[in-house]
Amino acid sequence: MNWNSAAIRDASRTRNYGKIIELARTYQRMTQVQLGEACGLSQSAISRLEKRGIAPYAMDVLLRLSQHLGIPAALLGLAENTVQTRIGTENVERRQFLGAAAAIAASPVFTAAAGSTDEAEQQAVALRVATTSYRRLDGSTPSRELADVVHSHLRLIQGLIGAARSDAHRIRLAAIASEAASLAAWLAWDMGDHGSARSFYGAAIKAARSGAHPLLAAYQSGSLAQFEAHTGNAVQALSLTQRARSFLEPALPAVADAWLSSVEALGHAAAGDQRSADRALTRSRAILQADIREEPPPWPWVFTFDESKVAAARVACGAKLGLSRWASETAIPVPATSHAKQRALLLLDIAAGHLAAGRIETAFALATQALEIGLQYRSGRIVERGRALRRSFSTSSPSKVVREFDERLHGVYL
């Protein structure tokens, strides 16, 4: 079966994994009953899964189906789609890991583990599936409810690293620990705990380097840079993006280059440098337009970075720079099916643009929508951004929409 077909690519890009399973099953001339029996599921369960669309999926079920049908795990959002990168003289904490790391980097861990009886590989697969599941739960679960589970998961991985019997397995677990630490950092950020966020991002970078995986180290450094840019630390943000690039040069994957350029734009915007921010955004968009390949992004970019993400970065930069034209782009889609908390943050950026342009009613109508999401998911980050937006607007006679926003915000403690 052609896994690069337009139908498969589109389904993977939109996370319609049930469609991929249906296409693979029908190509192999297998009935829903036969597939269910082979994977321990009923015919009706297979039918519901194939029609599930873009709703959440159980990762363990997807893994079983991918292994039975021979579907590349990355197409179902399960695995790293590893790319060949030159490690070169990259400094890692344990240089003796490098020989084993080269072997690991040659093939995705899920592909290697499919059907394997190796306990170490099975352990790594189970841990990564759990990490991926927690990562996806973030879109529909309050961070305060998810954080303790993720912290326990991270401690488990760290304990297993200490007990690992081989360098190869230790490297594999280090990469998984990096992913888990990065998720813990994101959750801390969402809860408004910036100190813990920095600590976890630092642990994620350290683990990625110990795992001898330059692409992952670059991703984690870029994630910390993004955090610093959003919190106003422009110098640290720009320094970290340069550090991220140094992990991968000269072989810099297009998606990494484009994404890091958008992070650099946020750093320049935090510094008040409109010209440099505009140049970085233009570069990010140009890279994506030049890279015409349509395939799943390389792990650890689990979600596609495309021109809509560059447009969202432009909105965020406009909000920081006070540029109403940038921050109130009407072409920016805010789909109801996207990550709810990220959607709320985008709404607040757009609201800031409208506020800068004097469109008070529109600004606070959008801000109220975002605040409702923040309260629903108990997101300290969203609520504090709402407070900051309100502080930026001063009037002696607030309109009804502003008063309603104030009433909703009053008495909130997150």
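The values are calculated or read from the model by the stated rules, or taken from the named source; none is laboratory data. From a predicted model like this one, the values you see are computed outputs, not experimental measurements. No Cβ is skipped: glycine too gets one built from the backbone with ideal geometry, and neighbour counts run over all protein chains shown. Please note that ligands, DNA and RNA were not included when accessible areas were found on the heavy atoms of the full protein model with its side chains. Shrake-Rupley method; radii C 1.70, N 1.55, O 1.52, S 1.80 Å.
Here are some notes:
- Separation of region 1-37 from region 126-155 is 27 Å, based on Cα centroids.
- Heavy-atom surface analysis with a 1.4 Å probe gives region 165-302 a carbon and sulfur content of 48 percent of its accessible area.
- Extension reserve of the A38-H410 stretch, reckoned as 0.36 nm per residue once the Cα distance is removed: 128.4 nm
- The shape of region 124-264 comes out oblate: with a ≥ b ≥ c from the C-alpha gyration tensor, a/c is at least 1.5 while a/b does not beat b/c.
- Here the simple spin-label model places points 7 Å from the Cα toward Cβ, and for R29 and Q158 these points are separated by 5.5 nm.
- Here the spin labels are modelled as points 7 Å beyond Cα on the Cα-Cβ line, and at A286 and K400 they lie 5.0 nm apart.
- In order along region 7-12, the phi-based Karplus estimate (6.51 cos²θ - 1.76 cosθ + 1.60, θ = phi - 60°) of 3J(HN,Hα) comes to 5, 5, 4, 5, 5, 5 Hz; Gly and Pro are listed as x.
- In order through region 172-183: 3J(HN,Hα) via Karplus (6.51 cos²θ - 1.76 cosθ + 1.60), integer Hz, x for Gly, Pro: 4, 5, 4, 5, 5, 4, 4, 4, 5, 5, 5, 5
- Proximity of backbone amide H atoms, modeled 1.01 Å from N, is registered between D193 and no other residue at under 5 Å, excluding neighbours fewer than 5 places apart on the same chain.
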